[in-house]
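Accompanying notes for the structure given below.
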Amino acid sequence: MDQDVIERLELKVAFLEKANTELSDVVYRQQREIDELRDRLTMLKDRFETFAAQPAEYSAEDEKPPHY
């Protein structure tokens with residue numbers, strides 16, 4: 001093989017290795033963010049269910065007069 005061909009192939013492999021590493025880092029960060037968002041969503045869901053399970057406190061003071 002010609003030395004230029006080998007050199008071009010080595011450059012392409014180096015570029016692909018760098019691109020692969022960068023993409024891997026992006027995927028890792030996105031997965032961490034997804035995990036964090038999933039945890040927050042679960043927490044909010046639990047809080048909502050706790051709030052929804054509580055009986056509504058209602059008094060006559062809360063009722064609007066008929067002219068509203």
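A quick yes/no check of all residues on (1) assigned to a helix (DSSP H, G or I); (2) surrounded by fewer than 10 Cβ atoms within 10 Å (Cβ to Cβ):
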| residue | (1), (2) |
| --- | --- |
| K12 | yes, no |
| A19 | yes, no |
| Y58 | no, yes |
| E61 | yes, yes |
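So if I check each of R47, R29, R8, which one is in a helix (DSSP H, G or I), within 18 Å of the chain's Cα centre (by Cα) and without any contact (Cβ under 8 Å) to a residue 60 or more places away in the chain?
That would be R29, the only listed residue that is in a helix (DSSP H, G or I), within 18 Å of the chain's Cα centre (by Cα) and without any contact (Cβ under 8 Å) to a residue 60 or more places away in the chain.
All of the numbers you see were taken from the coordinates with simple rules; none came from a lab. Please read these numbers as outputs of a predicted model, since none were measured by experiment. Positions of Cβ are generated from backbone atoms using ideal geometry, with glycine treated the same way; all protein chains shown enter the neighbour counts.
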